[in-house]
Structure formats: C-alpha cells, structure tokens
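First comes the structure, then the notes that go with it.
The values are calculated or read from the model by the stated rules, or taken from the named source; none is laboratory data. If you're wondering where the values come from, they're calculated on a predicted model, not measured in any experiment. Cβ atoms come from the backbone with ideal geometry, glycine included; neighbour counts cover every protein chain shown. The accessibility values were calculated without ligands, DNA or RNA, using every heavy atom of the protein model including side chains. Shrake-Rupley method; radii C 1.70, N 1.55, O 1.52, S 1.80 Å.
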Amino acid sequence: VQLQASGGGLVQAGGSLRLSCAASGRTFSSYAMGWFRQAPGKEREFVAAIGRSTVRIYYVDSVKGRFTISRSNAENTVYLQMNILKPEDTAVYYCAADLYPWDNYGIAHEWDYWGQGTLVTVSS
C-alpha cells in the first residue's frame, strides 16, 4: 500500500489542523492505520492508531482530548483532527499502515508502510 500524507502547515497555538493520509490500493480496509511524528533531533513518536473497523483506537497521552483519528474506508483515507495545538506539537507527521501492529503499535518499526510526512508548525 502507498500512502500520501497532506494537510500540514503553520498555525498559531490554540488553533486546529486536519491531516489526511490517502492510501492506494483496494485493500485499505484490511490495514490498521497510524500517525507518528518526529520533531527535530528527536525519535519518531507514536501519536494515534485506528483499527480496521475503528473498534481499536489509541492515542499517546499528550494528545488525548485534543486529537482525533478517524478513517473512511470508502475514501481510502485516514484523518487526524488536531485541536488546541501547542508549540510542542511541532513536528513532521507521518502516516503508517500495517496489517496487524497491535503487539507493539507504539513502536515505529512495528509498522510496514509509511507516507512521506507533512510538516506541522505551531507558533507560540
């Protein structure tokens, strides 16, 4: 599966952005989808994940209550709605896909497929 992330940009603290990740192929609904982020000089960090049927949804503690992951299997797209953005949310955001990442979904190397990243910059 090929992934294309979009929607990043520059926003003031307290603002909102919605990231999208479009997937190619006809088997999108078979994949769990995730979002990770990587700030300069830091390791890639798990942000959120959603299962094939949305029964499983997980977030890193720092974004709970502010970010919402969702998916449209009809549109082959996963979304990350980001509200109440903070300067510490500044990073390149990557979408990821895997058939079964649930043993270690918070670890980047558990995921097989990656998009190219989209930059989110939050100014204070």
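The table below lists the values:
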{"item": "Tally, over the stretch 21-49, of residues that are in contact with a strand residue (DSSP E or B) (Cβ under 7 Å, 6 or more places away or on another chain) and either assigned to a strand (DSSP E or B) or free of Cβ contacts under 8 Å to residues at least 40 places away in the same chain (or both)", "result": "15"}
{"item": "The stretch 60-72: number of residues that are in contact with a Phe, Trp or Tyr (Cβ under 8 Å, 6 or more places away or on another chain) and surrounded by 18 or more Cβ atoms within 10 Å (Cβ to Cβ)", "result": "3"}
{"item": "Which numbered condition Y79 fails, given (1) open to solvent by 20 Å² or more (accessible area, probe 1.4 Å); (2) modelled with pLDDT of 95 or more; (3) not in a strand (DSSP E or B)", "result": "(3)"}
{"item": "Test: residue in the stretch 100-114 that is closer than 17 Å to G15 by Cα and crowded, with 18+ Cβ neighbours inside 10 Å", "result": "no"}
{"item": "Cβ pairs under 8 Å, 6+ apart, first in the stretch 113-124 and touching a residue at least 40 places away in the same chain (Cβ under 8 Å) and within 28 Å of Y100 (Cα to Cα), second open to solvent by less than 20 Å² (accessible area, probe 1.4 Å) and among the basic types (K, R)", "result": "V120/R37"}
